[in-house]
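The values are calculated or read from the model by the stated rules, or taken from the named source; none is laboratory data. Keep in mind that this is a model prediction, so the values were computed, not measured. Here Cβ is always computed from backbone atoms with ideal geometry, including for glycine, and neighbour counts include all displayed protein chains.
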Amino acid sequence: MKSICVFCGSCTGNDPRFAEHAARLGTLLARRQLTLVYGGGSVGLMGRLADATLAAGGRAVGVIPHALWVREVGHSRLTENHVVETMHERKALMHDLSDAFVALPGALGTLDELFETWTWGLLGVHTKPFGLLNVAGYYDPLLEFLDSVVRQGFLRAEPRQMLLVDDDAERLVDLLATHRPPRVEKWITRQDV
């Protein structure tokens, strides 16, 4: 594993622990010589993450659509900056540049990126590990919902197990480095139709 893509908010949120953990993760990536790949913003958790990575001597690669360069205040001091045309290009390039994925707290964009990564893993588009850094229980309601989705019969247990979760960045990065997602040969059976 040489690079980790981090999905996170362009805001810092109301709990100061969100920004603290973003900075810790950035420092950890630099210390472990893992390249940060992220959405390219200089504000919110994105900015804290990238600034901490760079301050610790790490590599930070941003991928941002031209239309969001101004809105998300694109980070101009990154190791590499890729300005693309569309959100689809952004997500595809972030996936191509990354060996694993982590979601910090964020909103719709973060969830979109996480769920697309998960779906692509389920469909066999990639076999890269991905997880949530569950800072201050931020993702607890989502995890409860996902477990309910399994109980209700819309998701099997194996795909649910693809999502790694921890509240500690070091443990999560260790999990990503050693985890091999379960192979899901068939997600729909005759009994499902």
- prompt: Does the stretch 74-94 contain at least one residue that is closer than 27 Å to Leu142 by Cα, surrounded by 18 or more Cβ atoms within 10 Å (Cβ to Cβ) and either touching a Phe, Trp or Tyr at 6+ places or on another chain (Cβ under 8 Å) or of a type in the set (Ser, Thr, Tyr) (or both)?
  reply: yes
- request: Restrict the check to the stretch 141-150 and report whether at least one residue is exposed (fewer than 15 other Cβ atoms within 10 Å of the Cβ) and of a type in the set (Ser, Thr, Tyr).
  value: yes
Filter result (of a type in the set (Gly, Ala, Ser) and without any contact (Cβ under 8 Å) to a residue 40 or more places away in the chain) within the stretch 1-37: Ala19, Ala23, Gly26, Ala30
- request: Identify the residue in the stretch 3-18 that is of a type outside the set (A, V, I, L, M, F, W, C), crowded, with 20+ Cβ neighbours inside 10 Å and touching a Gly at 6+ places or on another chain (Cβ under 7 Å) and, among all such residues, is nearest to Asp168 (Cα to Cα).
  value: Gly9
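Listed here are the residues, each with its yes/no results for (1) at pLDDT 95 or above; (2) β-branched (Val, Ile, Thr); (3) under 29 Å from Glu80 (Cβ atoms).
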position: Ala100; (1), (2), (3): yes, no, yes
position: Ala107; (1), (2), (3): yes, no, yes
position: Thr110; (1), (2), (3): yes, yes, yes
position: Thr119; (1), (2), (3): no, yes, yes
position: Val125; (1), (2), (3): no, yes, yes
position: Glu170; (1), (2), (3): yes, no, yes
position: Arg180; (1), (2), (3): no, no, yes
task: Taking Ala100 as the residue in question, decide whether it is crowded, with 21+ Cβ neighbours inside 10 Å, under 16 Å from Lys2 (Cβ atoms) and not acidic (Asp, Glu).
output: yes
- prompt: What strands (runs of 3 or more DSSP E) lie completely within the stretch 1-85 and have 1 or more residues being among the charged types (D, E, K, R) and under 22 Å from Asp99 (Cβ atoms)?
  reply: 80-84
- prompt: Within the group Lys128, Lys91, which residue is in contact (Cβ under 8 Å) with a residue 24 or more places away in the chain, of a type outside the set (Ser, Thr, Tyr) and assigned to a helix (DSSP H, G or I)?
  reply: Lys91
task: Name, by its number, the condition in (1) outside any helix (DSSP H, G or I); (2) closer than 25 Å to Gly9 by Cβ; (3) of a type in the set (D, E, K, R) that does not hold for Glu116.
output: (1)
- request: Sort out which residues of the stretch 38-68 are out of contact with any Lys or Arg (no Cβ under 9 Å at 6 or more places or on another chain), hydrophobic (A, V, I, L, M, F, W, C), buried (at least 19 other Cβ atoms within 10 Å of the Cβ) and over 17 Å from Asp168 (Cα atoms), and write them in order of number.
  value: Met46, Val61
Conditions (1) outside any loop (DSSP other than H, G, I, E, B); (2) closer than 18 Å to Thr12 by Cα: number failed by Pro105: (1)
field: Condition met for Phe7 (within 13 Å of the chain's Cα centre (by Cα), at negative phi and at pLDDT 95 or above)
entry: yes
